[in-house]
Ligand SMILES: [Zn+2]
């Protein structure tokens, strides 16, 4: 079973207990409808950015959407070989709306969502890898709550309780995402001698995520040196190795 799920669940149980015990009209915490089934395997959703009518960045005769898919397929193979369950948001040159991509990860309640992209900048001197993780969010009017939270918990509590619960859920995922981002950059520096920065962002696939989520900008297609590496199959393999190592370490699976 996922370490994330265990920590997540026990923390929510204890905080809900505290919240509910301070509310005289509340039933006890056993009313929380947690998902019963244990996860048989660690699981990851890989998101090849862009696709179809949306090519992403285009420089030096390279379309970002095609390169993202090449990296995604390589990552899929390597993770499957490590006995990790993998879902892809797309497996061909198809346009998939952003919300559908992250909804797949939320619905499956995977251990990690990884979105793969290539960066671009009007200044062709800008280069390097960037790893984005979710910035703080507020509860939205139409927020989709995780399946592990019962409807009664969402609708019948005070706004304070709802906000505390939402903050707890998103805080857990943000913290895990930040740790994964740090590990990913560490592996890129270690294995590829790359410059790598961890950054907060409110991209749709990060903002709407209910699982730990990362968006990797693996390099700048607008930078000639980065672009040369990103289209090189040997570099692609080494970059995918770095991502796999970071995922395995972050999920605490021995490689
Ligand atoms: Zn992109």
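Read the figures in this text as sums done on the coordinates, not as results from a lab. Computed from a predicted model, the values in this text were never measured in an experiment. FYI the Cβ positions are ideal-geometry reconstructions off the backbone, even for glycines, and counts take in every protein chain you see.
Using 0.36 nm per residue and subtracting the Cα-Cα separation, the extra length available between residue 189 and residue 93 on full extension is 31.5 nm.
Return one quarter of the surface area of the convex hull spanned by the alpha-carbon atoms of the range 159-255, equal to its mean projected area, in nm². Write out the running numbers ahead of the final one.
Working: hull surface 29.2 nm².
So the mean shadow area of the Cα hull is 7.3 nm².
Applying 1/(1 + (r/R0)^6) with r as the Cβ-Cβ distance of residue 136 and residue 61 and R0 = 30 angstrom yields a FRET efficiency of 0.15.
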